[in-house]
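The values are calculated or read from the model by the stated rules, or taken from the named source; none is laboratory data. The model shown is predicted, which means the values in this text are computed figures rather than measured ones. Here the Cβ is made from the backbone with ideal geometry for all residues, glycine too, and neighbour counts use every protein chain on show.
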Amino acid sequence: MRILTVVGARPQFVKASVVSLALAKQGTIGECILHTGQHFDDNMSDVFFRELGIPTPEIRLDIHGGNHGDMTGRMLAEIERAILAKKPDAVLVYGDTNSTLAGALAAAKLHVPVAHVEAGLRSFDRRMPEEVNRVLTDHLSKWLFCPTDVAVSNLKSEGIPSDTGIGTVHKVGDVMEDSTRLFVRLARQPEFSLPREPFVLATIHRAENTDDPERLAALVNALNTLSRTTPVVFPIHPRTRQAIERTGQIPAFVTMPPVGYLEMLWLIQHCGLVLTDSGGLQKEAYFLGKYCLTCRETTEWIELVRVGANSLVGTSGRQILDLAAAKFNTAVKPDAALYGGGAAAGRIATILAGAA
């Protein structure tokens, strides 16, 4: 079986690290990796391939920047060319980025089956471009690899799998738990001057926060206030840095360049609290026993809220400060049954190998 894997953003590199390893172990699957270039600088891209041992992408498109439609359209055209040239038996996509949707749509138009890792997630907020990407990709996919029972239920409510046999749903667990378990022993401290431990680890990058000056200002103000009493470490996404600069605000907390996956694992291990709008970091915090405050009104990982490991705080400064004080250094005990126990990648590879 020949698989074309489409990746483009940091979380996808992390997920691919374990799935590509599992596919290779099958012995019957050949994989070609296509990197769209959506995340393109070294700290957001190449460092992950070096650190995690992901096979070097055979195809690099170097497509980044521009509005969503422009970026997705350029990716769609180039991925279509790659599919026609490589003639894969399936196209494998991850998560909810523009790279995900472009890969799924290009494959579906050429009648190549799509496998979607992390299928069935829903925030139920269509203002998020990621939500649109998730929904469309799921409805284009043949194999839908779900991380949780909630994801399976979401697909069922949308008529997947259908009576016509289009779309097969598999609850396999979360591949990010696989990668966390595999790589946490290699975690290393960033080469950057850090404040005393423990600290609050913060990241903000979602368009709903960075593209709204009022929301971004509220978050920066909350972090500035919090940093007066508790150290705050903020590995800053390039787009977030630019957005903050446009507001004219000066962060009083510790900012640092984006870090590699192994450095991020170290930061999670040594922090007392995570504050983020990232979907992946919500789970990584849980896997490593840290409480998370999510700076959104909704989350696709609602089960973390239900088990008491995560609170949705939006951009409310008062709520952020109150919960940060209440939850700082609160230990979270992860349940291995919630996300599959670290065996998701092997299950995915077995299912795909069986379809060959």
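Across segment 227-240, the qualifying residues are those that are in contact with a strand residue (DSSP E or B) (Cβ under 6 Å, 6 or more places away or on another chain) and at pLDDT 95 or above, and the one among them that is farthest from Y261 (Cα to Cα) is T230. Against the list (1) closer than 21 Å to E118 by Cα; (2) among the aliphatic types (A, V, I, L, M); (3) modelled with pLDDT of 95 or more, the condition A16 fails is (3).
Any idea which of L186, L216 is under 30 Å from N67 (Cα atoms), in contact (Cβ under 8 Å) with a residue 24 or more places away in the chain and over 17 Å from the mean Cα position of the chain (by Cα)? So that I can check it myself, show each step before the final result.
Working: L186 fails: under 30 Å from N67 (Cα atoms).
The unique qualifying residue is L216.
Hey, among R296, R306, R318, which residue is within 26 Å of D125 (Cβ to Cβ), under 19 Å from the mean Cα position of the chain (by Cα), basic (K, R) and at pLDDT 95 or above?
On the way: R306 fails: under 19 Å from the mean Cα position of the chain (by Cα); R318 fails: under 19 Å from the mean Cα position of the chain (by Cα).
Result of the check over R296, R306, R318: R296.
If we scan segment 198-209, do we find a residue that is in the same structural domain as A285 (by TED's automatic domain parsing), touching a Lys or Arg at 6+ places or on another chain (Cβ under 6 Å) and touching a residue at least 12 places away in the same chain (Cβ under 8 Å)? Talk me through it step by step, then tell me what you get.
Kept after step one, since they are in the same structural domain as A285 (by TED's automatic domain parsing), are these residues of segment 198-209: 198-209.
Now restrict to residues that are touching a Lys or Arg at 6+ places or on another chain (Cβ under 6 Å): 209.
Of the ones still in play, those that are also touching a residue at least 12 places away in the same chain (Cβ under 8 Å) are 209.
Within segment 198-209, one or more residues are in the same structural domain as A285 (by TED's automatic domain parsing), touching a Lys or Arg at 6+ places or on another chain (Cβ under 6 Å) and touching a residue at least 12 places away in the same chain (Cβ under 8 Å).
Answer yes or no as to whether F199 is aromatic (F, W, Y) and within 24 Å of L304 (Cα to Cα). In short, yes.
Which residues, taken from segment 158-182, are of a type outside the set (S, T, N, Q) and assigned to a loop (DSSP other than H, G, I, E, B)? Walk me through how you get there before you give the answer.
Our first condition is that a residue be of a type outside the set (S, T, N, Q); within segment 158-182, this holds for 158-161, 163, 165-167, 169-178, 181-182.
Those that are of a type outside the set (S, T, N, Q) and assigned to a loop (DSSP other than H, G, I, E, B): E158, G159, I160, P161, D163, G165, I166, G167, V172, G173, D174.
Checked against the criterion of being crowded, with 24+ Cβ neighbours inside 10 Å and of a type outside the set (V, I, T), the candidates A106, A77, A85, A90 yield just one match: A106. Please find, within segment 291-324, the residue that is farthest from F183 (Cα to Cα) out of those that are outside any loop (DSSP other than H, G, I, E, B) and either of a type in the set (S, T, Y) or in contact (Cβ under 8 Å) with a residue 60 or more places away in the chain (or both). Among those residues, the one meeting the criterion is G317.
Can you confirm whether L219 is farther than 20 Å from Y339 by Cα and buried (at least 21 other Cβ atoms within 10 Å of the Cβ)? Answer is yes for this residue.
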